[in-house]
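Presented below is the structure to which this report refers.
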Amino acid sequence: MLPLLDALLFSGLWVAIAAPALVAAASIAFGGAPAPVPLAFAFTGTFAVYGLDRLRDRADDADRAPLRTAFVERHRSALLAATLVSGVTAAVCAFALGPRAVGLAAIAGGIGALHRRLKRRILVKGLYIAAVWLLVVLGAASLAAPPTRSALGWAAALLGPALFANAIAFTARDREGIVARVGRRQAMAAAVGWSAIGSLLGFAAPPDVRPLAAVPLATFLTLLRFRFDERYAPFVVDGALVVGALIAWGIG
């Protein structure tokens, strides 16, 4: 089973699954239903961005993520092909969805392409990572079910802290950015704190949007027992986004 787990985690497939799960949960919170094209757009776009990052960052990843680097080296051709197919599919979906989706794709793809430089220049890289995730998730969900301003704001208030906490946890694992200055313990305390804030905001959220609080709550619970293991971190912490979104989807 270990090779299958490595393929799921190190290819970027697992984190890519989190994107459409979150889009589906947000679509329901906005009063609509998950639509196939926005879900495909979120999945393929996320896989393409993360696949590109894994292929380009092999040298930098060799020390902090040796298992993932070895996987990418062994399956470089297959990952490159899957990344290209995903990128083309995401572009087709974006044009099918219209100008707003094309704009989302341009922003997310552009920041993804610049990620190698940005993470060296921006101390709190979790901020722009979480912001792009939030933009894509809420943007894609809005294409399926246009939300009210209140629903959009509350969805951002609930999902934003969870996505920020997720990004902080991975930054702490890799000892990048501000973590190199403040230390892993302080970074993880911040991640736990942000996920707790998102969870508590669920009590004040409107009933239709409240199920989204399952995402920060699932993130909070996983971060309490976080381990800096190369397989554990992506499986459990990214898994919290998937599980939380599915719970929100089921409740909604």
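The values are calculated or read from the model by the stated rules, or taken from the named source; none is laboratory data. Bear in mind the structure is a predicted one, so any value in this text is a computation, not a measurement. Don't worry about glycine lacking a Cβ; one is built from the backbone with ideal geometry, like all the others, and counts go over all protein chains shown.
Before moving on, here are some points about what is shown:
- Only residues that are in a helix (DSSP H, G or I), more than 28 Å from F30 (Cβ to Cβ) and touching a residue at least 60 places away in the same chain (Cβ under 8 Å) were counted in the stretch 211-236, giving 3.
- Count - residues of the stretch 135-148 that are surrounded by 20 or more Cβ atoms within 10 Å (Cβ to Cβ), more than 14 Å from G103 (Cα to Cα) and either out of contact with any Pro (no Cβ under 9 Å at 6 or more places or on another chain) or modelled with pLDDT of 95 or more (or both): 2
- Looking across the stretch 125-165, just one residue is of a type in the set (D, E, K, R) and either in contact with a Lys or Arg (Cβ under 8 Å, 6 or more places away or on another chain) or within 15 Å of W194 (Cα to Cα) (or both), and that is K125.
- Residue among A70, A65, A105, A96 that is modelled with pLDDT of 95 or more and out of contact with any Phe, Trp or Tyr (no Cβ under 7 Å at 6 or more places or on another chain): A96
For (1) of a type in the set (A, V, I, L, M); (2) surrounded by 18 or more Cβ atoms within 10 Å (Cβ to Cβ), each residue gets a yes or a no:
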| position | (1), (2) |
| --- | --- |
| F164 | no, yes |
| T171 | no, yes |
| A187 | yes, yes |
| A190 | yes, yes |
| A214 | yes, yes |
| R227 | no, no |
| A233 | yes, yes |
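- Among the criteria (1) crowded, with 24+ Cβ neighbours inside 10 Å; (2) of a type outside the set (D, E); (3) free of Cβ contacts under 8 Å to residues at least 60 places away in the same chain, the one A240 does not fulfil is (3).
- The test for being over 14 Å from the mean Cα position of the chain (by Cα) and either more than 22 Å from G153 (Cβ to Cβ) or surrounded by fewer than 19 Cβ atoms within 10 Å (Cβ to Cβ) (or both) holds for A33.
- The single residue among L52, L114, L79, L39 that is aliphatic (A, V, I, L, M), in contact with a Lys or Arg (Cβ under 8 Å, 6 or more places away or on another chain) and closer than 23 Å to P234 by Cα turns out to be L79.
- Hits in the stretch 132-154 - residues which are among the β-branched types (V, I, T) and in contact with a helix residue (DSSP H, G or I) (Cβ under 7 Å, 6 or more places away or on another chain): V132, V136, V137
- Of all the numbered requirements in (1) of a type outside the set (S, T, N, Q); (2) at pLDDT below 95; (3) within 19 Å of R185 (Cβ to Cβ); (4) in contact with a helix residue (DSSP H, G or I) (Cβ under 8 Å, 6 or more places away or on another chain), R225 misses one, and that requirement is (4).
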